[in-house]
Amino acid sequence: MSSDLFTTAVASILLLSSAAFYLLRKITNPVNNRRKLNLPPSPPSLPLVGNLFQMSKLPYRSLRTLSKTYGPIMMVKLGAIPYVIVSSPDAVLELTDKDHDVSFSGRPRWKASDALFGGGTDIIFSSYGEYWRQMKKICMVEVLSQKRVSQFRYIREQEVEHLVGILKDAAKEKKSVDLSHVISTFANNVISRAAFGKTYNNGGGGDEENFVPLVSSALDLLARFCFKDTFPVLGWVDALTGLDNEIRRVAQEVNDFLDRVIDDHRTDRVRSSSERQDVVDILLRVQKERAAEVVVLDLKFTDANIKAILLDMFAGGTDTIATTLQWVVSELVRHPSAMKRAQEEVREVARMKSRIDEEDVGRMEYLQCVVKESMRLHPPAPMSVRKATDDAELKGYDVPKGTMVMINVWAIMRDPEIWDRAEEFVPERFWAEPLDFKGQTGKFLPFGVGRRLCPGITMGILEVGLVAANLLCWFDWELPEGVEELDMSEWSSVVLRRETPLSLVPVLNSSLNL
Ligand code: HEM
């Protein structure tokens with residue numbers, strides 16, 4: 001081989017291998033691929049932990065502070081996971097408009113939610129798609145429709161009567177009550193009776209009597225720090241901390257309990273059509289009907305689907321309602337003039353009556369403003385979490401497929417650029433601007449927004465209004481002896497709760513016809 005030929009051969013090999021190497025890097029190196037992406041601005045982060053070190057125990061507050069510097073669309077890294085944080089109504093409206101809604105309607109998958117909610121086969125944690133659409137439709141038509149919510153009215157009324165009875169006894173003894181506990185028991189009882197036909201909250205009974213504490217443990221696990229979700233390569237540490245075992249145990253117990261309830265309904269109970277049906281009965285009927293039809297797509301509606309909907313009812317419809325009520329009462333106790341005005345309205349509507357019904361609550365317009373204002377300041381879900389299902393664009397920034405997207409609902413609803421006297425409790429603002437609960441303006445979002453909007457709004461608002469009206473009608477509320485001011489500290493778990501239980505003294509309103 002001549003030296004010229006040799007040089008040419010070597011040059012060609014070098015050229016070809018550099019081209020192959022370049023192509024390989026292009027294909028396998030996502031960083032390189034994304035070099036041209038216009039990602040949202042990010043605060044500086046540390047290796048490994050990302051921006052975790054900037055998060056307090058109330059992350060929505062820390063994220064608001066960061067977004068004041070980095071803008072209403074920013075990207076942070078929580079551990080190894082990038083999140084796009086959205087903190088303006090403008091961006092929310094774009095995220096949910098017809099060109100973007102589908103791309104931003106996914107949900108992230110977490111270890112605890114996967115184990116507890118059947119691998120995301122429920123509604124809350126299910127990925128966006130046909131499966132989710134069918135499950136949500138069944139839930140909205142069969143469980144949470146206006147007709148069904150009215151059908152369960154007797155449960156709400158009986159449970160409210162029970163709650164008022166407990167408070168009247170405490171008032172006679174001039175004792176303070178743990179209102180947080182009384183209200184949570186109410187919310188759990190309503191869902192248990194609607195779902196299963198009875199309450200499972202007796203504490204001491206056989207293991208099947210302890211479903212409510214079991215659900216609480218499940219919800220607590222969702223809020224626990226999990227290595228796999230934050231630092232995927234360190235997922236094995238969850239086994240060492242005991243988290244894996246605990247998740248497995250609780251998931252198994254929840255599953256066994258729901259299997260027993262479904263079996264009981266299938267075998268032991270033969271109901272006549274005139275008898276009151278609970279959600280398990282209703283869903284078993286849907287199962288039979290779907291088995292008789294050709295089922296479109298894969299949703300055959302098995303027991304696993306029934307269990308997933310039942311669990312969502314507890315996850316979505318207990319703590320959210322209880323915490324909303326606790327904040328409503330807390331704000332009113334701190335604002336005596338609003339309390340007086342709300343009580344006057346409630347007592348005027350309920351004048352000469354021995355019971356407040358749901359139609360009465362519909363006429364209590366100031367009370368509705370109080371509930372909205374309280375939810376504005378204390379949204380039970382301070383952040384709405386989504387996942388980009390495609391490569392998408394938001395306000396000119398690229399959001400790659402698979403990125404977590406969090407709407408900082410809490411920050412938007414306290415933004416002084418949007419709300420006058422944003423940090424103050426001013427129910428009257430909703431007189432002037434009667435915003436609804438569906439988030440259509442992108443600025444009032446207590447039930448979320450877009451395709452993933454909460455399907456339980458009617459039920460939630462009815463329950464909150466009915467209990468609040470009864471608490472204000474029959475009682476005045478005083479701080480326990482020695483307490484000068486109500487503690488309003490927040491505690492962020494699955495929902496944004498009060499950090500301390502709401503302890504108050506009920507004083508019977510003697511002017512009424514009791
Ligand atoms: C005051 C009461 C309630 C509040 C504040 C509330 C709030 C929320 C929020 C913020 C979301 C997420 C929306 C989003 O991602 O944009 C949600 C979703 C959901 N809620 Fe509620 N909720 C309440 C009551 C209920 C009730 C009573 C039920 C059922 C019994 C329920 C069932 C659900 C379900 C199944 C979802 C998932 C929807 C989906 O992903 O498509 N919620 N709720």
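Overview of values
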| item | result |
| --- | --- |
| Scope segment 144-169; condition under 27 Å from Val507 (Cα atoms) and within 13 Å of the ligand (Cβ to nearest atom); matching residues | Ile155, Arg156 |
| Segments classed as strands (runs of 3 or more DSSP E), wholly inside segment 398-514, with at least 2 members that are under 30 Å from His162 (Cβ atoms), within 15 Å of the chain's Cα centre (by Cα) and within 16 Å of the ligand (Cβ to nearest atom) | 496-498 |
| From Pro82, Pro47, Pro43, residue being surrounded by fewer than 16 Cβ atoms within 10 Å (Cβ to Cβ) and more than 16 Å from the ligand (Cβ to nearest atom) | Pro47 |
| Flag if Ser493 is modelled with pLDDT under 95 and either closer than 30 Å to Met406 by Cβ or touching a Cys at 6+ places or on another chain (Cβ under 9 Å) (or both) | yes |
| Matching entry among Glu417, Glu393, Glu463 (being closer than 30 Å to Ile138 by Cβ, among the acidic types (Asp, Glu) and modelled with pLDDT of 95 or more) | Glu463 |
| Residue pairs meeting the criteria (Cβ under 8 Å; at least 6 apart or on separate chains; first over 26 Å from Gln134 (Cα atoms), in segment 306-331; second near the ligand (Cβ under 8 Å from one of its atoms) and small (Gly, Ala, Ser)) | Thr324/Gly460 |
| Unique residue being more than 16 Å from the ligand (Cβ to nearest atom), more than 20 Å from Val143 (Cβ to Cβ) and more than 22 Å from the chain's Cα centre (by Cα) when the list is Val182, Val237, Val250, Val261 | Val237 |
| Every pair of residues 6+ apart whose Cβ atoms lie under 7 Å, when the first sits in segment 242-254 and is in contact (Cβ under 8 Å) with a residue 60 or more places away in the chain while the second is of a type in the set (Lys, Arg) and part of a helix (DSSP H, G or I) | Ile247/Lys111 |
| Within segment 353-390, considering residues that are at pLDDT 95 or above, part of a loop (DSSP other than H, G, I, E, B) and over 23 Å from Ile123 (Cβ atoms), the one nearest to the chain's Cα centre (by Cα) | His378 |
| Meets criteria (acidic (Asp, Glu) and either without any contact (Cβ under 8 Å) to a residue 12 or more places away in the chain or buried (at least 19 other Cβ atoms within 10 Å of the Cβ) (or both)) for Asp487 | no |
| The listed residue being in contact with a strand residue (DSSP E or B) (Cβ under 7 Å, 6 or more places away or on another chain) and more than 30 Å from Phe152 (Cβ to Cβ), out of Glu490, Glu428, Glu481, Glu433 | Glu490 |
| Hey, Val141 away from the ligand (no atom under 12 Å from the Cβ), more than 30 Å from Met404 (Cβ to Cβ) and without any contact (Cβ under 8 Å) to a residue 24 or more places away in the chain or not | yes |
| Residues that are of a type in the set (Ser, Thr, Tyr), buried (at least 16 other Cβ atoms within 10 Å of the Cβ) and part of a loop (DSSP other than H, G, I, E, B), drawn from segment 95-144 | Thr96, Ser105, Thr121, Ser126, Tyr128 |
| Residue in segment 314-330 that is at pLDDT 90 or above, away from the ligand (no atom under 16 Å from the Cβ) and either exposed (fewer than 12 other Cβ atoms within 10 Å of the Cβ) or not basic (Lys, Arg) (or both) present | no |
| Leading residue by the ranking (surrounded by the most Cβ atoms within 10 Å (Cβ to Cβ)) among those in segment 372-384 that are of a type outside the set (Lys, Arg) and touching a Leu at 6+ places or on another chain (Cβ under 9 Å) | Pro379 |
| Exclusive hit being within 22 Å of the chain's Cα centre (by Cα) and at pLDDT below 95, set Val84, Val143, Val92 | Val143 |
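The values are calculated or read from the model by the stated rules, or taken from the named source; none is laboratory data. Since the structure is predicted, the reported quantities are computational estimates derived from the model, not experimental observations. Reconstructed Cβ throughout: ideal geometry from the backbone, glycine too, with neighbour counts over all protein chains shown.
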